[in-house]
Structures are given as C-alpha cells and as structure tokens.
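Heads up: the structure comes next, in structure tokens.
Here, each number is a calculation from the coordinates, and none is a lab measurement. Note that the coordinates shown come from a computational prediction; the quantities given were computed from them, not determined experimentally. Using ideal geometry, Cβ is built from the backbone for each residue, glycine included, and neighbour counts are taken over all protein chains shown.
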C-alpha cells in the first residue's frame, strides 16, 4: 500500500498529458512532478487516489542528459510553464507522444503523427498576454492548480511590451488606490490586463474591469503611454459577470486605436480585443501551411471554415479555392474578418456570425455541399451536433485544427461513426515550454 508523504524509488518511463513524469510504484501508476524520461529517482508521494498516485521527484541516481536548470525565477510558483526543467528536444518528444497517444487511445486510429514542427524561438513568442490582478494588487499569473496570483515582473513567454504594461498597471494601481478583483466576493475593480502585440512591435492594451469606468483614467493612459513602447491604443473592457473568463461584455476606447493590424502568411488582419488569433505568429504560419497542404485545394473547391475567428484560415484558403465560407460566433471577430478581407482584396470569402452548430446545421439543411470543411474549435472541441452536421454535408475532406489532443481524439472517433477516418496527422508546437500543442489532422470518408 503506497502511503502519502513516504518516499519511493521509481523509474520515469514517459510523460502525462500535463507534462508530469509517468512511472510505476508497486504496480501503481505514479505521476511525478519534475520527472524526466529515463531517470531513476526518489519520489515523495503527495496524493494517493484509487487508480493513481501523485508525487514530486526529490533526487536522481543519474540525471537525464535532457534535464536542465529552469531559467525562470517563477518556475516553482507560476503555473504557466510545464517543461522548463527539460531541453526543447525532449519537450517535442513528449508532445508528439501525447498527440499520438490521444489519437490511438481516444480516437481509435493507428495513423502515425508524421512530424512535430518545433519553434525556432522558444522565448517571448506570445503576441497576446492575459494577466490576472489579485485583490492585493499582484499582476501576474495563477499559481499551479489555484487562483492565487503570482506577481510576475518578467515573463519569458510574453513580449517585453507586455511586461512593461504590467509594470505600468502596478504603478497606476498604487498611485490611484484602485482595488483588484476578488472572485469570492465579486468586489474590486481591476480583473485582467490584456496586451496584444504585432510583428511591427505595436501594442494594444485593454483593462478588464468589474464596472464601467476606472478612477484616474487619464493617469492610467499617461502611465501606459510612458511605459509601453509602440502602444497604439488603450481600451477599457466592461466585465461584470461572475467567473474567471477574461474577455468583457463591451469595450470603450480610452485613447488611440481599438484594433491592431498584424501580417500572417502574406495577409494583413485587423484584430480587436475579442478576436481569436493564434498567439505564436511564426508557428501559426507553419500550422496554417500544414492545414492548407492537407486541404489539397486546386482552385475549384468550396470550403467551409467553422470557428474562423478573425478569418485567418478562411482568407489563406481563399487564395487556393473557388469560395470559402467562414463562420464565427463573436460579432467583433466577424467584423474584423470582413474588414481584413476587404483590405486584402479577398473577394471569394464570405463570413457568417453564429454558433458553429447552428451554422453547420443550417447549411446542411439547405443542401450546402462544401468540398472541404475546416474546423479550428476552442479547447473543448466540437459539439456532437457540429460533427453530425459537418458529416451530413458529405465533404471530400475534413481538416481539423486542434489545440487539445484529448478532445481531438474524442471527436475523430465520433467522425468515424459517420464514415470519416484520419489519414494524416501532424503536430505543431505553438506553445514552447508549456504542455499545450496544436495538431492538424486530415479526415477522409471510407466508401
């Protein structure tokens, strides 16, 4: 019987979906924080469950060649990164295995993950930062498995502009006595800081608040303009709903612009605060190139792009298709997509605002028959009705872009009920040093 707080010897065999080392102790599956594949280590047990135990690696008989000293001073506090204790080569191995395991175990397919496309830059690659603000005024990110905010002055994933905006917010909050938000009581004003940065080094800053205004708004604007090089706009987002969602109900411009432009795959996209846009520009280009290759467009196809966000994949595919139809539930994102298409001279793309399930069902009912359907859903994956409606339109190919291997595996198994099966799969690492990974799969129908 494995006991909590006792120390056991274990050999790390691989990695879990959360980036933990996986071992067996007395026949029991053990998830080991800080474990690296191939190492024999001493593990202190922290939690004992019916089918698994959780522990922390204390010491190693022979450290792996892939082990490294974390380069972030917040590594043991902040929950943002999972792989700072191993080198990037081993991280890519872990992520490729995670995708392959999800496709095989959850998706029921033996299709091999052809490749994992790693990033050239693993530092400061994020073009979007979302900081939490605590009741005590810390500006940073949640401690692992909690909603306790770790005050982070320098994050190795975020842009330097985002770090500067966080510092300016701390200065403003202290000078004007502005309260941070308390989830438990629903009181306090400052909830989140949002910073979006483009390839030219320009930034759009948004403060999400539990109200409709802030004290000393002119002082806030002055602090941000002094601190953040290239800031082009400062926006206030009204967010009075309970829960930990980041984005607001409505927005008001405090100074400058309320949108920012960025260039991807040779196209320029207008982005407002609510618009979805991949956080790693360089890797997103590789991701979309792989999706485009899987779509195998010849210029004669009609493509339906569900969860199109700001219309990135829609417009990229439009250059190689007869027509592309994009659907997105966020009105601001649809407006951005329409304006971006106009600026880019993309005339064969149409956009609809609505829930993906409703749009897909409506198109299927009207007899719409796209040759290719592309889906890029949020982490929760596709609703069963979306899968059913997409399959009922009988496209030749379905390209699924996923940010969560588990829901991808679940969904491709459901597509199998309708005769669609995975024929190609590739992984792209958009989130270096974290457990997250993007996957692109191609599904075709078995006759």
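Some observations on this one:
- Annotation: peptides 310-318, 53-61, 211-219, ranked by per-residue average of other Cβ atoms within 10 Å with the highest first, follow the order 310-318, 53-61, 211-219.
- Pairs of Cα atoms nearer than 8 Å and 6+ residues apart set the relative contact order; for the chain it is 13 percent.
- When shorter helices are ignored and each DSSP H run of at least 4 residues is given -39500 (n - 2.57), the per-residue value for the chain at 222 nm works out to -8000 deg cm²/dmol.
- Relative contact order of the stretch 176-320, pairs being alpha-carbon contacts under 8 Å that are 6 or more residues apart, as %: 17
- Additional length obtainable on full extension of the chain from residue 171 to residue 257, 0.36 nm per residue less Cα span: 28.7 nm
- Cut-off 16 Å (backbone N to label point 7 Å along Cα→Cβ of residue 24), residues of the stretch 50-65: 51-53
- Which label in [x] 21.2, 60; [y] 23.1, 68; [z] 23.4, 74 gives the computed Rg and Dmax of the Cα atoms in Å: [y]
- Nitroxide proxy distance, nm - points 7 Å out along Cα→Cβ at residue 350 and residue 396: 2.1
- Convex hull of Cα atoms in the stretch 128-258, direction-averaged projection (nm²): 7.2
- R0 of 22 Å, Cβ-Cβ distance residue 417-residue 296: FRET efficiency to nearest 0.05: 0.35
- Calculated log₁₀ intensity ratio I(q)/I(0) where the Debye formula runs over C-alpha points of the stretch 74-190, q = 0.16 Å⁻¹: -0.86
- The distance between label points at residue 179 and residue 144 comes to 3.3 nm (points 7 Å beyond Cα on the Cα→Cβ vector).
- Result for the chain in a Gaussian network model with C-alpha springs under 10 Å: among 76, 380, 50, the largest mean-square fluctuation is at 50.
- Model label sites at residue 216 and residue 241, defined 7 Å from Cα along the beta-carbon direction, differ in position by 3.1 nm.
- Whole-angstrom Cα spans of the stretch 1-66 along principal axes, big to small: 33, 23, 17
- The stretch 128-258: relative contact order in percent, alpha carbon pairs under 8 Å with at least 6 residues between: 22
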